[in-house]
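The values are calculated or read from the model by the stated rules, or taken from the named source; none is laboratory data. Here the structure is a predicted model, which is why all the values come from computation and not from measurement. Every residue, glycine as well, gets a Cβ built from its backbone with ideal geometry; the counts of neighbours run over all protein chains shown. Calculation scope for accessible area: heavy atoms of the full protein, side chains included, ligands and nucleic acids excluded. Shrake-Rupley method; radii C 1.70, N 1.55, O 1.52, S 1.80 Å.
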Amino acid sequence: PSSNNSLVKNAKLQIGNSPVLGLENASVTIYEFSDFSCPFCAAAEGTNFAIINTLKSRMPGWEAPLPAIKKEYVESGKVKIVFKYFPGHGAATAAHAVALGLQKQKPALFWKFAERAFSSQTTTNLDDLSKMKSWAKDLGANESALNSYLDSKEFEAQLSADIKMAKENNVSG
């Protein structure tokens, strides 16, 4: 048998404190390494229509994968998605910090915030902390708890750990 060194063998993936969408006991776990400021990540989520249209022009049958995965597999309890940060563009640190703060309060808030970040990436500066905190407030966040989390800088360790895990598993984009 031939060996391909670019393939990851015995990948070291751990959920840790990462946001999880789906049932804890789902039989399949998908690790999504993503960045709210990445246009291709937003296309995979089904929200960046410029990139979606470009991809469809090159591959007419292309569809954004995550909406179908969520509807068909996550909602049925077969799959859970673990969100890990990987800085494709790195222009959304504030958004990721706030999203992780929301995860601490109520996991569903993370996913609502993520949807908004992906769908707004072409019209909003995702590194504008006051704007991101305003979005969190709109979603029902406890502002005091969020501010304490942000002040603690706990999110920095989470983002660093996600990047390290991505690199150890040869994630490149």
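Brief remarks follow.
- DSSP-loop trypsin sites (Lys or Arg not before Pro) across region 50-158, with at most 15 other Cβ within 10 angstrom: Lys78, Lys153
- Calculated over region 132-173, the projected area of the Cα convex hull averaged across directions stands at 3.8 nm².
- When Asp128, Asp138, Asp162 are compared by accessible surface with a 1.4 Å probe, the order from highest to lowest is Asp138, Asp128, Asp162.
- The chain - charge dipole about Cα centre, Lys and Arg +1 at Cβ, Asp and Glu -1, debye rounded to 20: 280 debye
- Charge dipole of region 1-101 (Cα centre as origin; +1 on each Lys and Arg Cβ, -1 on each Asp and Glu Cβ, all else neutral): 220 debye, rounded to the nearest 20.
- Taking 7 Å steps out from each Cα toward its Cβ at Asn147 and Asn125 produces label points 2.2 nm apart.
- As a calculated quantity, the FRET efficiency between Ser134 and Lys106 at R0 = 22 Å, using C-beta atoms, amounts to about 0.80.
- Under 5 Å from the amide H of Tyr31 lie the amide H atoms of Val82, each residue being 5 or more positions distant or on a separate chain, with H modelled from the backbone and absent for Pro and chain starts.
- Cα centroid separation - region 43-93 against region 155-173, whole Å: 19 Å
- Surface accessible to a 1.4 Å probe, per residue, for the residues of the chain, Å²: 56 Å²
- Accessible surface of the chain, 1.4 Å probe, proportion on carbon and sulfur as whole %: 51 percent
- Between the residues Ser57, Gly140, Pro107, the greatest Cα displacement towards the positive end of the dipole of region 1-146, with unit charges on the Cβ of Lys, Arg, Asp and Glu, is found for Pro107.
- Checking every one of the GluC sites (Glu not before Pro) in region 17-92 against DSSP loop status and a limit of 13 other Cβ atoms within 10 Å picks out Glu24, Glu63, Glu75.
- Taking a straight Cα-Cα cut-off under 23 Å and skipping sequence neighbours fewer than 8 places away in the same chain, the lysines within cross-link reach of Lys70 are Lys56, Lys78, Lys80, Lys84, Lys104, Lys106, Lys112.
- The aspartates and glutamates whose alpha-carbon is closer than 20 Å to the alpha-carbon of Lys133, local same-chain residues fewer than 8 away aside, are Asp35, Glu115, Glu143, Asp151, Glu154, Glu156.
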